[in-house]
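Beneath this line is the structure, given in structure tokens, with notes to follow.
Any read-out appearing in this document is the output of simple, stated calculations on the displayed coordinates, not a laboratory observation. Just so you know, these numbers come straight off a predicted model, no measurement behind them. Note that each Cβ is placed from the backbone with ideal geometry, even for glycine, and that neighbours are counted across all protein chains shown.
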Amino acid sequence: MSDTQGGAPQAPRGSGVHPISWVEIRARNLPAAAEFYGAVFGWELQAFGDTYMMYYRDGILGMGFSAGWKDILPDSLIYISVPDIDDAVAKVEQRGGELIEPKQPIGPDMPNSAIIRNAEGVHVGLFDGPKSPQPYVPAPWSAPEPVAANSICSVEIHGGTDLAAAEKFYGGLFGWGTVAMGPQYMMYDPGAGVGGVFQAHTPQAPVMIYIYVDDVLATLEKIKASGGKQIGEAAAMPGMGMFGYFSDPNGVVLGLIGPAGN
């Protein structure tokens, strides 16, 4: 994977106490989501009630697909692990954020959840209670070995126009390590699970989920053949790899990262 190394500075490793522990996306048509993600990435989505499906296996970041999505929420949402949701919400409000969805149980013997919106307008879910540990996933452009194919490898988050605010919020509240990468990007590393990038240029994309694939161009062809749409042209970034974007049959936009040689 030498063609995806060295293109970005490595953020200092965070505390590992507050990793991204789950990802949810809007799925108005759950059967279409199950068929699409199964055909393209080999994911077997399992039903969890009438309006929810999920994909999870040990060692990767799990994903949920929700048909009961609230219009106020963006198409993609990350959940961060916290030991105490009430305490986390109070600290978010002290930093200019607000509670959007109050704490509630997910199910028997499962964590509670809540959703906040920070001062930069990004919605973030919170989980508490028992959880599976998140194995550390190095950034795909700096990993010594390829990231597991067809798994989430990075999450890009809008950090506001002043990325110092993102550094203060996510670093101060969750203990994530950060390092600047030019005026519009900042790398972050929670210390467990996946990390990613804060961006300052596109508030219309508050959260962008990236999936690692062995061949971006071939995956884009498979996406189009399976009912999705390619967005723009795939592009190789020197030292970082190849990037591509697509929308699934429910209209949710996600990204691909893979080796630049394909």
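For the reader, a short list of remarks on this structure follows.
- Share, in percent, of DSSP beta bridges within region 20-127 that are antiparallel, nearest 5: 75
- Ordering 216, 61, 238 by the projection of their Cα atoms onto the charge dipole of the chain, which places +1 on the Cβ of Lys and Arg and -1 on the Cβ of Asp and Glu, puts 238 at the extreme positive end.
- Taking all pairs of distinct alpha-carbon atoms in region 179-234, Kirkwood radius in angstrom: 13.8
- Lys, Arg +1 and Asp, Glu -1 on Cβ, resulting dipole of the chain about Cα centre, debye, nearest 20: 140
- Cα centroid separation, region 185-231 to region 154-172 (Å): 17
- DSSP beta bridges fully contained in the chain are about 75 percent antiparallel.
- Distance distribution note for region 13-159: the fraction of Cα pairs above 18 angstrom is 61%.
- Reachable aspartates and glutamates, given that their alpha-carbon falls under 18 Å from the alpha-carbon of residue 103 and they are not under 8 places away in the same chain: 24, 84, 86, 87, 93, 128
- Placing +1 on the Cβ of every Lys and Arg and -1 on the Cβ of every Asp and Glu, with nothing else charged, gives region 20-127 a dipole about its Cα centre of roughly 160 debye.
- Using the alpha-carbon positions of the chain, Rg (one decimal) and Dmax (whole number) come out as 17.3, 48 Å.
- Each of 198, 102, 173 was placed along the dipole of the chain (beta-carbon charges, centred on the mean Cα), and the one lying farthest toward the positive end is 198.
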